[in-house]
Structure formats: structure tokens, C-alpha cells
Amino acid sequence: MDMNKRPETMERITTPALANAFIDEQVELIRKQVGDKKVLLALSGGVDSSVVAALLIKAIGKQLVCVHVNHGLMRKGESEQVIEIFKNGLDANLVYIDATDRYLEKLKDVTDPETKRKIIGAEFIRIFEEEARKLEGIEFLAQGTIYPDIIESDGVKAHHNVGGLPEDLQFELVEPVRLLYKDEVRVVGHALGLPKNMVDRQPFPGPGLGVRCLGAITRDRLEALRESDAILREEFDKAGLTGKVWQFFTVVPDFRSTGVREGKRVFDWPVIIRAVNTVDAMSATVPEIDWAVLKKITDRILAEVKGVCRVLYDLSPKAPATIEWE
Ligand code: XMP
């Protein structure tokens with residue numbers, strides 16, 4: 001039997017009862033596979049790796065070692081939430097690495113989007129490898145591979161692809177959600193008691209804010225991006241739009257525009273709001289957001305975010321525009 005092929009008879013996990021049955025079954029299977037050995041997991045804080053972490057903690061507790069790498073390109077509060085939920089809440093064996101300086105140094109003056117992506121991905125593998133070498137007695141590597149990853153890209157996850165580990169660091173894989181679709185992973189996540197905002201969160205690219213801080217990344221623009229994105233999320237939440245709009249975020253370009261502040265001319269950055277609805281991310285439409293909501297967000301960004309004098313709403317559908325700006 002092909003372990004990576006979803007059996008036609010497998011029931012779709014749509015209810016808490018079905019999720020609990022899946023969890024019980026996986027806990028047994030994980031215990032059987034792993035025995036008393038240690039398992040390593042790259043915990044990004046995304047839905048898939050979080051659900052895998054919670055499943056493994058339930059099955060084997062501290063035999064799981066989670067490594068959370070903060071590349072400095074996370075959204076506001078994201079790494080803190082990972083620590084809060086897994087270390088404080090679930091008493092996980094969690095290694096937290098703040099690699100912000102290291103990433104920003106590598107990315108300095110790099111303007112090409114694909115080169116930025118490559119640097120971010122490669123640096124992740126390097127850091128993960130360094131940590132894996134420090135830990136002793138690890139025999140297994142857990143991954144949040146889901147069924148679409150297997151069907152669409154040979155089991156490789158675009159955003160936390162650890163397939164690039166060197167030959168001498170190959171572990172046996174533990175992939176408990178590999179036959180599940182995204183919606184099923186979410187149902188399982190809820191049943192495991194993970195917070196709603198983590199389980200239902202919108203897609204977030206692996207390179208994170210790195211591809212939304214356009215051109216060469218600088219700390220000040222990255223800060224403006226993170227703060228404006230947090231305001232956008234807060235106001236969409238208050239307006240009941242979270243969960244109704246598929247993906248939304250801000251973008252900070254690498255050019256300035258003229259403004260006036262306290263009677264003086266300034267030369268500050270624009271912030272672009274991007275919001276889209278889509279089924280499969282292959283094409284997307286732009287939702288008609290209530291003017292009052294857009295105005296409130298604009299006022300808050302202009303008042304609260306340093307170095308910004310203009311806010312724009314991107315009206316472009318995909319195609320021809322992609323969802324991300326880079
Ligand atoms: P585009 O911009 O191609 O985005 O219309 C489609 C979806 O893919 C996400 N995206 C990425 N996800 N690594 C990822 O993990 C990436 O490099 C990347 N680039 C785009 C994007 O957020 C959207 O959901």
C-alpha cells in the first residue's frame with residue numbers, strides 16, 4: 001500500500017468527533033513509530049506545523065523538540081504567540097532562535113524577489129541544520145506535509161522545505177497529516193484545542209514580510225510594514241471581515257512620496273493595502289471594503305506608523321496582478 005496515497009474510502013474529517021478519532025489513531029501510530037526516541041520539528045507557527053506539533057506533544061510529550069526560527073520577517077506578535085501556546089501552554093520542548101540580525105544582514109541590499117526568497121529559504125535550512133547538530137539522539141524529523149503538498153509538489157513544502165538537509169542529517173520522517181486536506185487539518189487543530197486565530201489563519205508566505213517590504217529590506221520600512229499590517233488585521237477583525245476576506249495584508253514599497261506634517265514638507269513611504277478573495281489563489285478578486293473601514297485604517301496608519309504619509313488600496317484583480325507584490 002502506498003502510504004502517501006489517500007485511500008478512496010477515507011472519510012473527510014468534517015466534525016469534532018471525526019477529528020478526535022483521527023487524533024486517537026495518530027497518537028497510537030506516532031507512539032508505535034517513534035518508541036522512546038526523539039523527534040525534531042521546525043515549528044513556524046503556521047497551521048500545519050502547529051497541528052503536527054500539538055499532535056506529537058499529545059503522543060510523545062517532551063520527546064518532541066520544536067525549533068522555532070524567528071527570521072525577523074514574522075507578523076507582529078507571531079513568534080510570541082508560538083512561545084505562549086507551545087512553551088507556556090503545552091509545556092513543549094521548544095528551542096526559540098531569534099535570527100533577525102542574521103537574516104537582515106544576509107538580505108542587505110538584495111533587491112531581486114527570487115533572490116530574496118532563496119536567501120530566506122537557504123538560511124532557514126542552515127539554522128535548522130546547526131540546531132539539529134547541537135541536539136543529540138534525534139532519529140526522527142516531523143513535518144507538516146499535507147495532501148496538496150504531495151499531489152502538487154512531490155511532498156515538498158514551499159515554505160518550510162527542510163528537504164535540503166545534508167546527507168549525514170537524514171532522519172526518518174513523521175508526517176501525521178500527510179493525507180489530509182487543509183480544511184481537515186483545521187478541524188483537527190480545533191479538536192486539539194489550538195487557538196482559533198492560529199488554526200483559521202490566512203495563508204502567510206514562507207518568506208513572510210520579506211516579500212512585502214519591497215526591494216532591499218530595511219529595518220525602518222520593515223517596522224512600518226509590521227505595524228501597518230497589525231492595524232489592518234485589527235480593524236478587519238473589528239469589522240467582522242476576518243474569515244470573510246481570504247487574504248489581506250499591507251505592503252511597503254521602496255520609494256517615497258511627498259507629504260506635509262506639522263506644516264513641514266516630508267518625504268515618507270506609502271503603505272499599500274492588499275485584500276483578495278479567491279478559491280485556489282490561481283485567480284483573485286478584490287472585495288469592496290466599506291469606505292468607513294478603509295478610512296479608519298488609513299487614519300490609524302497615518303497617525304500611528306512612523307515614516308508613512310500615504311495609504312493606498314490596491315484594486316487590481318489576479319490576473320494580471322498577482323496577490324503578493326513580489
Ligand atoms: P501570488 O502572489 O503568486 O500568490 O498570486 C498566491 C498565493 O501564494 C502565496 N505566496 C507564497 N507562499 N512562499 C509561500 O509559501 C512564497 O514564496 C509565496 N509567494 C506567494 C501568496 O501569499 C498567496 O496566498
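The values are calculated or read from the model by the stated rules, or taken from the named source; none is laboratory data. In this text the structure is predicted, and so the values were computed from the model without any measurement. Glycine gets a Cβ as well: all are built from the backbone with ideal geometry, and neighbour counts include every protein chain shown. Please note that ligands, DNA and RNA were not included when accessible areas were found on the heavy atoms of the full protein model with its side chains. Shrake-Rupley method; radii C 1.70, N 1.55, O 1.52, S 1.80 Å.
As an exercise: evaluate Phe204 against (1) crowded, with 18+ Cβ neighbours inside 10 Å; (2) out of contact with any Pro (no Cβ under 6 Å at 6 or more places or on another chain); (3) more than 25 Å from Asp290 (Cβ to Cβ); (4) not β-branched (Val, Ile, Thr) and give the number of the one condition it does not meet.
That leaves (3) as the condition not met.
Would it be correct to say that Gly215 is at pLDDT 95 or above, farther than 18 Å from Val245 by Cβ and part of a helix (DSSP H, G or I)?
In short, no.
Which ones in the range 251-266 are outside any strand (DSSP E or B) and among the basic types (Lys, Arg)?
Selection gives Arg256 alone.
Looking only at the range 307-325, count every residue that is away from the ligand (no atom under 12 Å from the Cβ) and of a type in the set (A, V, I, L, M) and tell me the total.
4
Look at Phe236 and say whether it is among the aromatic types (Phe, Trp, Tyr) and open to solvent by 10 Å² or more (accessible area, probe 1.4 Å).
In short, no.
Pick out the one residue from Leu194, Leu179 that is modelled with pLDDT of 95 or more, in a loop (DSSP other than H, G, I, E, B), within 19 Å of Gly243 (Cα to Cα) and of a type in the set (A, V, I, L, M).
Among Leu194, Leu179, only Leu194 is modelled with pLDDT of 95 or more, in a loop (DSSP other than H, G, I, E, B), within 19 Å of Gly243 (Cα to Cα) and of a type in the set (A, V, I, L, M).
If you go through the range 285-316 one residue at a time, how many are assigned to a loop (DSSP other than H, G, I, E, B) and open to solvent by less than 60 Å² (accessible area, probe 1.4 Å)?
Of the residues in the range 285-316, 7 are assigned to a loop (DSSP other than H, G, I, E, B) and open to solvent by less than 60 Å² (accessible area, probe 1.4 Å).
Residues that are polar (S, T, N, Q), surrounded by 18 or more Cβ atoms within 10 Å (Cβ to Cβ) and away from the ligand (no atom under 16 Å from the Cβ): does the range 145-153 have at least one?
no
Anything in the range 183-227 that is of a type in the set (A, V, I, L, M) and within 15 Å of the ligand (Cβ to nearest atom)? List them, or say none.
The answer is Leu209, Val211, Leu214, Ile217, Leu225.
Tell me, please, whether a residue that is more than 16 Å from the ligand (Cβ to nearest atom), loosely packed, with under 12 Cβ neighbours inside 10 Å and in a strand (DSSP E or B) can be found in the range 267-284.
Yes, the range 267-284 contains at least one residue that is more than 16 Å from the ligand (Cβ to nearest atom), loosely packed, with under 12 Cβ neighbours inside 10 Å and in a strand (DSSP E or B).
Can you run down the residue pairs with Cβ atoms below 8 Å, 6 or more apart or on separate chains, where the first is in the range 231-257 and under 15 Å from Gln202 (Cβ atoms) and the partner is small (Gly, Ala, Ser) and away from the ligand (no atom under 15 Å from the Cβ)?
Correct list of pairs: Thr250/Ser228.
Six or more apart or on different chains, Cβ atoms under 8 Å: show the pairs whose first residue is in the range 95-106 and assigned by TED's automatic domain parsing to the domain that holds Gly77 and whose second is among the basic types (Lys, Arg) and open to solvent by 30 Å² or more (accessible area, probe 1.4 Å).
Tyr96/Lys87; Leu104/Arg219
If you check Ile138 against the conditions, is it within 16 Å of the ligand (Cβ to nearest atom), in contact with a Phe, Trp or Tyr (Cβ under 8 Å, 6 or more places away or on another chain) and open to solvent by less than 30 Å² (accessible area, probe 1.4 Å)?
Judged against the criteria, Ile138 is not a match.
For the range 111-129, which residues satisfy the criterion of being more than 15 Å from Arg212 (Cβ to Cβ), of a type in the set (A, V, I, L, M) and within 16 Å of the ligand (Cβ to nearest atom)?
Ile119, Ala122, Ile125
Having 1 or more residues that are open to solvent by 60 Å² or more (accessible area, probe 1.4 Å) is the bar; report the strands (runs of 3 or more DSSP E) wholly within the range 1-115 that clear it.
Answer list for the range 1-115: 38-42, 93-98.
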